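K.L.:
Dropping the structure in here first, questions after.
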Amino acid sequence: MKKKHVAVLMGGFSSERPVSLSSGTACADALEAEGYRVTRVDVDRDIARVLGDLKPDVAFNALHGPYGEDGTIQGVLEYLAIPYTHSGVLASALAMDKDLAKTIARAAGIPVAPSRIVNRFEIADTHPMEPPYVVKPVNEGSSFGVVIVREDQSHPPQILGSDEWGYGEKVMVERYVAGRELTCAVMGEKVLGVCEIVPVGHSFYDYDSKYVPGGSKHECPAKISPNIYQKIQTLSLTAHEVLGCRGVSRSDFRYDDRFSEEGELVWLELNTQPGMTPTSLVPDIAVEAGIGFGGLLSWMVEDASCSR
């Protein structure tokens, strides 16, 4: 049977361009090894014309950040009637907006940390809530712009009022939850395993610990109690479903078990475009489930559609 022509969309023009190029290259190489005809596409403003000329059977979306995982490129692909991977327009837009995603998750009974949305200039001088708390851009990924405010800090981070801040005017201020960093992948209607991320030489799972080799260790499966493990799987599948996700997604959690095994478990966010770099989490989680990298990507290509 003739293999499909797959256009791997990568790069783009968000702050996550380097991550996307790494993901896209890894995916393109693996899909070629699986026998697909692959065209690598570095996405620019002329993407509709480029894809119209290419006429691929499938667009593999390896873009990250704004324009790539917020419903924008998904809308272009719907307009061009090119089947594509990952979530559709609405689910992508909802999951990318951390505040809207948390509102939907909370309504579905998923535990989330208290938070509020503020203008960054409003909190340049006065704490918006009792420290410790986390400040994060509403519509960014890969930990870009995430700042942890510790208990002993006398004022909010000065970067928030600075011209150097490049992540929009609205920010989310969220109660800091101590503990372990856990994540769980969903593949279609099937929930996969839970993985613990242990940053090496970093105070939290920041950009470097995500993408620099050796920046973190992935414990797959996570060494937690069966009850918590199953609860994370259930919550991840629920989040995937209530946000209307398709293809592969990944939910991130904090789990504070310092004082009891039950502890406090909090859902942080859902990623509709999980990284596919050599240091990314979903490929490791899939391998633990017996699904190799090539098999995972092949499933995503065959699962591609419009009207997702």
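K.L.:
Mind checking which residues of the stretch 1-31 are more than 17 Å from the chain's Cα centre (by Cα), charged (D, E, K, R) and in a helix (DSSP H, G or I)?
P.N.:
Matches in the stretch 1-31: ASP29 only.
K.L.:
Related question: Filter the stretch 250-296 for residues that are open to solvent by less than 30 Å² (accessible area, probe 1.4 Å) and of a type in the set (Phe, Trp, Tyr); which is farthest from GLY188 (Cα to Cα)?
P.N.:
By that ranking, first place goes to TYR255.
K.L.:
Could we say that LEU182 is in contact with a Cys (Cβ under 9 Å, 6 or more places away or on another chain) and either among the aliphatic types (A, V, I, L, M) or open to solvent by less than 60 Å² (accessible area, probe 1.4 Å) (or both) here?
P.N.:
When the stated conditions are applied, LEU182 passes them.
K.L.:
Identify, from the list LEU90, LEU94, the residue that is of a type outside the set (Lys, Arg), open to solvent by 60 Å² or more (accessible area, probe 1.4 Å) and closer than 30 Å to VAL112 by Cβ.
P.N.:
Of the residues listed, the single one that is of a type outside the set (Lys, Arg), open to solvent by 60 Å² or more (accessible area, probe 1.4 Å) and closer than 30 Å to VAL112 by Cβ is LEU90.
K.L.:
Further question: Go through the stretch 163-190 and count every residue that is among the hydroxyl-bearing types (Ser, Thr, Tyr) and not in a strand (DSSP E or B).
P.N.:
Counting residues in the stretch 163-190 that are among the hydroxyl-bearing types (Ser, Thr, Tyr) and not in a strand (DSSP E or B) gives 2.
K.L.:
Same structure again: Can you list residue pairs whose Cβ atoms sit under 9 Å apart, with the first residue in the stretch 148-166 being open to solvent by 100 Å² or more (accessible area, probe 1.4 Å) and the second being among the charged types (D, E, K, R) and at pLDDT 75 or above? Count only pairs 6 or more apart in sequence or on different chains.
P.N.:
Correct list of pairs: GLU151/GLU130.
K.L.:
Checking the condition at pLDDT below 95, under 17 Å from the mean Cα position of the chain (by Cα), on the phi < 0 side of the Ramachandran plot and not β-branched (Val, Ile, Thr), which residue from SER209, SER203 passes?
P.N.:
One residue alone meets the criteria, SER209.
K.L.:
From (1) among the small types (Gly, Ala, Ser); (2) more than 30 Å from TYR133 (Cα to Cα); (3) surrounded by fewer than 22 Cβ atoms within 10 Å (Cβ to Cβ), pick out the condition that doesn't hold for GLY247.
P.N.:
Going through the list (1) among the small types (Gly, Ala, Ser); (2) more than 30 Å from TYR133 (Cα to Cα); (3) surrounded by fewer than 22 Cβ atoms within 10 Å (Cβ to Cβ), GLY247 breaks only (3).
K.L.:
Moving on. Whether any residue in the stretch 36-48 is open to solvent by 40 Å² or more (accessible area, probe 1.4 Å), free of Cβ contacts under 8 Å to residues at least 12 places away in the same chain and under 22 Å from the mean Cα position of the chain (by Cα) is what I want to check.
P.N.:
no
K.L.:
Give the residues of the stretch 42-63 that are of a type in the set (Asp, Glu) and assigned to a helix (DSSP H, G or I), sorted by residue number.
P.N.:
Scanning the stretch 42-63 gives a single hit, ASP53.
K.L.:
Within the bounds of the stretch 119-133, is there any residue that is in contact with a helix residue (DSSP H, G or I) (Cβ under 8 Å, 6 or more places away or on another chain), closer than 20 Å to TRP267 by Cβ and either among the charged types (D, E, K, R) or touching a residue at least 12 places away in the same chain (Cβ under 8 Å) (or both)?
P.N.:
There is no residue in the stretch 119-133 that is in contact with a helix residue (DSSP H, G or I) (Cβ under 8 Å, 6 or more places away or on another chain), closer than 20 Å to TRP267 by Cβ and either among the charged types (D, E, K, R) or touching a residue at least 12 places away in the same chain (Cβ under 8 Å) (or both).
K.L.:
Counting only residues that are in contact with a strand residue (DSSP E or B) (Cβ under 6 Å, 6 or more places away or on another chain), within 29 Å of VAL171 (Cα to Cα) and aliphatic (A, V, I, L, M), how many does the stretch 53-100 have?
P.N.:
Result for the stretch 53-100: 3.
K.L.:
Inside the stretch 12-42, can you point out the residues that are out of contact with any helix residue (DSSP H, G or I) (no Cβ under 7 Å at 6 or more places or on another chain) and β-branched (Val, Ile, Thr)?
P.N.:
Scanning the stretch 12-42 gives a single hit, THR25.
The values are calculated or read from the model by the stated rules, or taken from the named source; none is laboratory data. This one's a predicted model, so the numbers in the text were calculated from it and none came from an experiment. Counting neighbours? That spans all protein chains shown, and the Cβs are built from the backbone with ideal geometry, glycine included. For accessibility, only protein heavy atoms count, side chains too; no ligands or nucleic acids. Shrake-Rupley method; radii C 1.70, N 1.55, O 1.52, S 1.80 Å.
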